[in-house]
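See below for the structure under consideration.
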């Protein structure tokens, strides 16, 4: 049952969006699709509104930062849940850090409101069309987006903590 | 409608709720700062409310007062050190957070956990759920003006904390369990305390129910207070008792069983109105179910081989101290674990558990390093608290207080 629905998801996405689906993988118990940025809103809308797929529940979303992937540094992960059939999928999309914009999905899932504000706050991802895009957990006066990898956790001027021994 | 008319009508009890859409001249509204520190909000929550007399026209939540950047800190901590961060999220039921985190890492490492450990974990998590629900439900009582129930039932929470103390040495921020199992077996004293608790608790819970459940004042106060429809609740990402009170039977323990929950018999209580009374009742029933789950788990533990409290994974589970000093291999493993040198596979996993107030999810990306490359926490509070200003629109201020306490919003989890 689950596997057939899963293949349906893959087939439907492939036939409808074609090369906007960059990759489809299985990570542990999750199917993961990487979607091109220009199609992400349409894909989410399709997944939510298609009668068979009906991914009506946005479980969570979070920002990602891979500074070494040139041109694809920033990303966002969406996790959807089809509650009646109990199927979860994960979508990802990546885009350059110089142009960190994404369409908002608050019109599809009201719960994305604070989630998007959180990712704006921590990664500086600008969600176009968001009703109230401002910082949520950090103070408004902050001038940077602290979850990006270039900001160290420790005070950068300290020399007594040796990364070779105790860092990542 | 003029203010005077409205106040008159409210006084006559004709319009308990306005639609919130009536427009008055701006200077006729009052701005009220509810919080950040307010004795009635049980935590640091600020809501700036636009009031029309006693009625809330609109509100805006400000959160982040105790933000501690767990997600950032976790990127610089070995896996076993992150457990203490999870303690401080929903601190009313920190064992669930701890064990949820361990299970996430175990999933990443593909570790097989012995059945006995899983049952012991179920006992711990259900005790934590009871402690969490005790706090929430008794505080609903306090906010309606009934202090007695709170004082009676809180002794039981104390008994649960005594058990935790015996299991792990701590009471509130427990840091219970380890990757691969538990740090130690249940001691005879722990079993005795658990027995004592199971004997006492049902009676006390019944007493608490007698005080509130069919109490006319309590019912008048809570029924139809802060209701939410199932559709709206799903849209806002509600999970846990709050979603179930609205009538959706989504429980992670049933939907995506972890820790052998599929072997247990229990019912998932659901409400119909999604109001404060339903949330109260759902939690109340869940406590009874938790008691039954604990009893089943004790039966199951008895059938398992004694003394097993962790999986045989020397790369991740610290050896006993005595062996570290006398055995070369144990010393090496000890050093590797403490320095975070154990090999971790590359991958990304999501694991969720049914926390005290909803689906608590851990999303973890590992690049094979000493620490997670990225860790994201799905905190149920953070996600459903955004519905709060919507839910209190057009209600009285005192109902707003009650709505908040019945939603079980925990500041530590909200701000992470």
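Each value in this text was obtained by applying a stated rule to the coordinates, not by laboratory testing. The model shown is predicted, which means the values in this text are computed figures rather than measured ones. Reconstructed Cβ throughout: ideal geometry from the backbone, glycine too, with neighbour counts over all protein chains shown.
Work out the mean other chain Cβ neighbour count within 10 Å for the residues of B:372-379 and drop it here as an integer.
Neighbouring Cβ atoms belonging to other protein chains average 4 per residue here.
For A:114, B:101, B:191, which order do you get if you count the other beta carbons within 10 Å of each Cβ and list the fewest first?
Fewest to most other Cβ atoms nearby, the residues stand as B:191, A:114, B:101.
Hey, got the average number of other protein chain Cβ atoms within 10 angstrom for residues in A:91-97?
Across A:91-97, the average partner-chain Cβ count within 10 Å equals 0.
Based only on other Cβ atoms within 10 Å, what is the fewest-to-most ordering of B:363, B:373, A:28, B:333?
A:28, B:373, B:333, B:363
Relative to the longest principal axis of chain A, what angle (0 to 90°, nearest 10) does the C-alpha long axis of helix A:40-49 take?
Helix A:40-49 and the main axis of chain A meet at about 40 degrees.
Please build a GNM for chain A, connecting alpha carbons under 10 Å apart, and tell me which residue among A:33, A:151, A:109 fluctuates the most.
Judging by the Gaussian network model, the answer is A:151.
If you count, for every residue in A:20-31, the Cβ atoms of partner chains within 10 Å of its Cβ, what is the mean?
Averaged over the peptide's residues, the number is 2.
Round to a whole angstrom and tell me the spacing of the C-alpha centers of the stretch A:87-142 and the stretch B:189-212.
Centre-to-centre distance over Cα atoms comes out at 46 Å.
Need the C-alpha centroid separation for the stretch B:35-63 versus the stretch B:219-238, integer Å.
A separation of 18 Å, based on Cα centres.
I'd like to know how chain B sits against the 2.2 N^0.38 Å rule of thumb: what's its Cα Rg over that expected value?
1.06
If a/c stays under 1.5 just call it rounded; otherwise compare a/b with b/c (prolate if a/b is bigger, oblate if not). Do that for the stretch B:272-416, with a ≥ b ≥ c from the square roots of the Cα gyration tensor eigenvalues.
Note, shape of the stretch B:272-416 comes out oblate.
Using a 10 Å cut-off around each Cβ, can you sort A:125, B:66 from fewest to most neighbouring Cβ atoms?
Ascending number of Cβ neighbours within 10 Å: B:66, A:125.
Looking only at A:72, A:118, A:26, which one moves most when chain A is put into a Gaussian network model with springs between Cα atoms under 10 Å?
Comparing A:72, A:118, A:26 in a Gaussian network model of chain A, the most mobile one is A:26.
So, by mean Cβ neighbours within 10 angstrom, what's the order for B:318-326, B:242-250 with the highest one leading?
Per-residue Cβ counts within 10 Å, averaged per peptide and sorted highest first, yield B:242-250, B:318-326.
Identify which of B:239, B:37, B:276 has the largest mean-square fluctuation in a Gaussian network model of chain B, with springs joining Cα atoms closer than 10 Å.
Largest GNM mean-square fluctuation: B:37.
Which whole-number percentage describes the relative contact order of chain A, with Cα contacts under 8 Å and a sequence gap of 6 or more?
Relative contact order comes out at 16 percent.
Can you give me the C-alpha center-to-center distance between the stretch B:379-412 and the stretch A:16-32, rounded to a whole angstrom?
If we compute the Cα centre of each part, the gap is 37 Å.
Sequence gap at least 6, Cα distance under 8 Å: using those rules, report the relative contact order of chain B to the nearest whole percent.
25
Evaluate the Kirkwood expression for the hydrodynamic radius of the protein assembly as shown, namely the inverse of the mean inverse distance over all pairs of different C-alpha atoms, and round to one decimal in Å.
Here the Kirkwood hydrodynamic radius works out to 25.3 Å.
Given the convex hull over the Cα atoms of chain A, what projected area results after averaging over all orientations, in nm²?
Mean projected area of the Cα convex hull: 11.8 nm².
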